[in-house]
1. Working only within segment 99-134, note down all residues that are of a type in the set (S, T, N, Q) and touching a helix residue (DSSP H, G or I) at 6+ places or on another chain (Cβ under 6 Å).
2. Hey, could you check segment 1-22 for residues that are charged (D, E, K, R) and either within 16 Å of Y68 (Cα to Cα) or in contact with a Gly (Cβ under 8 Å, 6 or more places away or on another chain) (or both) and say which is least open to solvent (accessible area, probe 1.4 Å)?
3. Suppose we keep only residues that are over 13 Å from L317 (Cβ atoms), assigned to a strand (DSSP E or B) and not acidic (D, E) within segment 134-163. Which one would you say is most open to solvent (accessible area, probe 1.4 Å)?
4. Restricting to segment 113-127, count the residues that are in contact with a Gly (Cβ under 9 Å, 6 or more places away or on another chain) and either open to solvent by less than 80 Å² (accessible area, probe 1.4 Å) or modelled with pLDDT under 95 (or both).
5. Quick test of your reading of the structure: W92 fulfils all but one of (1) open to solvent by 30 Å² or more (accessible area, probe 1.4 Å); (2) part of a loop (DSSP other than H, G, I, E, B); (3) among the aromatic types (F, W, Y). Name the failing condition by number.
6. Is it true that G87 is over 18 Å from the mean Cα position of the chain (by Cα), open to solvent by less than 30 Å² (accessible area, probe 1.4 Å) and farther than 17 Å from H204 by Cα?
7. Quick one: what pairs do we get from segment 49-78, first residue open to solvent by 10 Å² or more (accessible area, probe 1.4 Å), second part of a helix (DSSP H, G or I), C-beta under 6 Å, 6+ apart or different chains?
8. Among what's in segment 95-112 and is farther than 19 Å from Q302 by Cα and of a type in the set (G, A, S), pick the residue that is surrounded by the fewest Cβ atoms within 10 Å (Cβ to Cβ).
Amino acid sequence: MTFDIIRSARAVLHVTDLDASRTFYEALGFVETESDDTHIFYRGLEEHNHHSLLLKKGDEASVEAISYKMMREEDLDTLASLFDGKGYKVKWMEAGSQKAIGRSFRVQDVSGIPVEFFAKMDTVDRMLQRYDQYRGARVQRIDHFNCMVADVQKAYDFYTEELGFRCSEYTSSDDEAIWAAWLHRKPSVHDVAFMNGDGPRLHHIGFWLSDQLSLIHACDVLASMGYVDSIERGPGRHGLSNAFFLYLRDPDGHRIELYNGDYLTSDPDFKPIRWDINDPMRQTFWGHEAPDRWFNEASLVQNVHTGKTLPLQEPTLKKKKPTFII
């Protein structure tokens, strides 16, 4: 591999009401870098890049792209050539065509997820030690994406064999069919997870918190502001990844995870952890059972060339209600 994907870097979401979204995301403690009538650029307190979450005013809620940061500018050309060589139609976006982003390209990945790759983003002052600005969940940084796809095995193979991702944990059945997989580039449990279901859709975006108390405080803040119904699942602790979690739905239904407590995966001899789908230990370590909508609802994704939302495909594995989504 002659290119280097560093990490998950940003998400671009379409929302129908920017004012409603601003109230919600400010309650969580996101830092607004800047905004205009149709865009809000958010980042976490420790992030030095211009933004990790871009909200765009749209007619319907959807996902325009999820983005990964590359090590070098020339990595973009190498990676784009890989996609071209395999028959994927790449859409280049020149520097200046997007606020704060250098040259980038977008492509529908093997599952249909709209992914973007870039190497340069404008930098801003970190707020890490501006404790006077800490609010809500005190969100620190973006951590991962979770994607619902029709064929997890196909996604797993492409990301590990072609893009250089490594697997930290996965769930499989007796016949070794993969139901879900957690893949990473940075040395944590995942930058992206793939789960079996009607897809392509984005199940959630995970944001890292510095401690569990920040997550609990977020619940208090949300409840005090009338957002009790936005708390979908948690707080609790996952069996897979060991992470402390809280799942929320924003005003348009996009799912956000507040996340803390996973582990280091940097050692080259780290071996992926297998969980049998019938093993109860793969389920939530403790916490309430997830509601049914958890397994059925997710954000529609856009075609990178037309901007229209993609139709859903039924999964290759038989649907069943899992409890291992992270």
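1. In the first step, residues of segment 99-134 are kept if they are of a type in the set (S, T, N, Q); the result is 104, 108, 111, 123, 129, 133.
The answer is S111, and nothing else.
2. Here is the first cut: in segment 1-22, the ones charged (D, E, K, R) are 4, 7, 10, 17, 19, 22.
The next check asks that each one be either within 16 Å of Y68 (Cα to Cα) or in contact with a Gly (Cβ under 8 Å, 6 or more places away or on another chain) (or both); those that pass are 4, 7, 10.
Working: D4: 39, R7: 57, R10: 1 Å².
Applying the filter and picking the extreme gives R10.
3. The first filter runs over segment 134-163 and keeps only residues over 13 Å from L317 (Cβ atoms), leaving 134-147, 157-163.
So of that shortlist, the ones also assigned to a strand (DSSP E or B) come out as 141-147.
Imposing the further condition that a residue be not acidic (D, E) reduces the set to 141-142, 144-147.
Details: R141: 71, I142: 7, H144: 0, F145: 0, N146: 2, C147: 1 Å².
Once the filter is applied, the top-ranked residue is R141.
4. Within segment 113-127, the first condition is being in contact with a Gly (Cβ under 9 Å, 6 or more places away or on another chain), and the residues that meet it are 113, 118-122, 127.
With either open to solvent by less than 80 Å² (accessible area, probe 1.4 Å) or modelled with pLDDT under 95 (or both) added as a condition, the list becomes 113, 118-119, 121, 127.
Residues in segment 113-127 being in contact with a Gly (Cβ under 9 Å, 6 or more places away or on another chain) and either open to solvent by less than 80 Å² (accessible area, probe 1.4 Å) or modelled with pLDDT under 95 (or both): 5 in total.
5. (2)
6. Working: over 18 Å from the mean Cα position of the chain (by Cα): yes; open to solvent by less than 30 Å² (accessible area, probe 1.4 Å): no; farther than 17 Å from H204 by Cα: yes.
No; evaluated as a whole, the condition is false for this residue.
7. So the pair list comes out as K57/L18.
8. Taking segment 95-112 as the starting set, the residues that turn out to be farther than 19 Å from Q302 by Cα are 95-96, 99-103.
Right, trim to of a type in the set (G, A, S) and you get 95-96, 100, 102.
On the way: A95: 12, G96: 9, A100: 17, G102: 17.
Applying the filter and picking the extreme gives G96.
The values are calculated or read from the model by the stated rules, or taken from the named source; none is laboratory data. Note that the structure is a prediction, hence the values are computed from the model and not measured. Positions of Cβ are backbone-derived with ideal geometry, glycine not excepted, and every protein chain shown enters the neighbour counts. Note: accessible area is taken over every heavy atom of the protein model, side chains too, but ligands, DNA and RNA are not part of it. Shrake-Rupley method; radii C 1.70, N 1.55, O 1.52, S 1.80 Å.
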